[in-house]
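Contents: one structure, followed by commentary.
Quick note: the coordinates plus some simple rules give every number you see, no bench work behind them. What you see is a predicted model, and the numbers here were worked out from it, not measured in a lab. Cβ coordinates were reconstructed from backbone atoms using ideal geometry, including for glycine residues, and neighbour counts include every protein chain displayed.
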């Protein structure tokens, strides 16, 4: 009687474990934005669920199915990512066979291929000689992971390919702006390094920093629609000309609006000309109504602008530009962003970056 009653409980527990595994992978996928990080985190999750000694995920080159582009490994101590060609050649024939579609099921090694329309890689899970052998249920659990993981990895690969294509277009736009002589489009190589350092201190996060990168490239893309005579004008702008300049953030945002993965960039581009006291444009936002990324970009953009000068404004020295930023903290700029910016300016590395913004 006890044997019969214990079996349903055992099946229920196994079913719950599988549902839990699917849920964990789903959460992982929705909080990870690149293939490398996803594979590293999946290996940790695999070891946790099947109590394995180690786990690894191998990913094939989408353009050459006989070559690996990365291996993620977790041995219950550290995560390792291998993505250098010379290190990827050390994979055994057995492991390569699994990436090509063959499954390996041994007492203490299970290797399952990751297959979408075609093989994209493989998952391997290992136990040491002192640990119990894998059971059929362990294999079922790993199969669930493989099925969930392959879709996630494939989708992220497509997403990254899309990003690469669009980034090439973005760089082309940047070159067009530079050829037109638009000085604010020609940021120095260290411009984003300063933006990133400021964002890291303000705990913006990985996705926020990525959005800021695209914003630094694209925030003046709308100048393609503004006559060059206005952009290069040395006298004070007329009210009509100034209105065109005020429309620049909206024009830049409109240019990238159709691109799905750039949606987080839109608020930064649209509102980086707003002022902390509400007197900026295009919407007169103030204080925390302005996205943090826009407040960060506003400070660095203004600082670089002062160092480089404008046809109608004199060029500032590094010290003068910093004093001007301080003076406008609380009115034009977020005082907290200004405070962190000034603290960063005390670091030798950042001061070196700032001196190269000209």
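State whether the range 52-126 is rounded, prolate or oblate according to the following rule on the C-alpha gyration tensor (a ≥ b ≥ c being the square roots of its eigenvalues): a/c under 1.5 gives rounded; otherwise a/b larger than b/c gives prolate, and the remaining case gives oblate. Each step should come with its number before you reach the end.
On the way: a/c = 1.84, a/b = 1.15, b/c = 1.60.
Oblate shape, in that a/c is at least 1.5 and b/c is the bigger or equal ratio.
Using Cα-Cα distances under 8 Å and only pairs 6 or more residues apart, what relative contact order does the range 180-355 have, in percent? Could you put the intermediate results ahead of the total?
Numbers: 216 pairs, mean separation 40.8, N = 176.
Rounded, it is 23 percent for the range 180-355.
Rank these for me by crowding, 151, 89, going from fewest to most other beta carbons within 10 Å. All intermediate terms of the calculation are to be shown ahead of the outcome.
On the way: 151 13, 89 9.
If I rank by nearby Cβ atoms, fewest first, I get 89, 151.
Fewest to most neighbouring Cβ within 10 Å: what's the order for 129, 119, 149? Don't skip to the end; give the middle numbers.
Values: 129 7, 119 17, 149 24.
Listed from fewest to most nearby Cβ atoms, that is 129, 119, 149.
For a quick check: sort 288, 247, 93 by the number of other beta carbons within 10 angstrom, fewest at the front.
Details: 288 10, 247 16, 93 6.
In increasing order of surrounding Cβ atoms, one gets 93, 288, 247.
Hey, rough spin-label estimate for residue 315 and residue 349, points 7 angstrom out along Cα→Cβ, what's it come to in nanometres?
Going from the residue 315 label point to the residue 349 one covers 2.8 nm.
Can you compute the FRET efficiency between residue 230 and residue 159 using 1/(1 + (r/R0)^6), with r the Cβ-Cβ distance and R0 = 25 Å? Round to the nearest 0.05. Working shown, then result.
Values: r = 38 Å, r/R0 = 1.52.
Calculated value: 0.10.
For the range 180-355, what is Rg from Cα atoms divided by 2.2 N^0.38 Å, rounded to two decimals? Numbers along the way, then the final one.
Working: Rg = 15.4 Å, N = 176, 2.2 N^0.38 = 15.7 Å.
Its radius of gyration relative to the 2.2 N^0.38 Å reference: 0.98.
Nearest 0.05, what FRET efficiency do residue 34 and residue 104 give at R0 = 25 Å with Cβ-Cβ as r?
It comes out at approximately 0.35.
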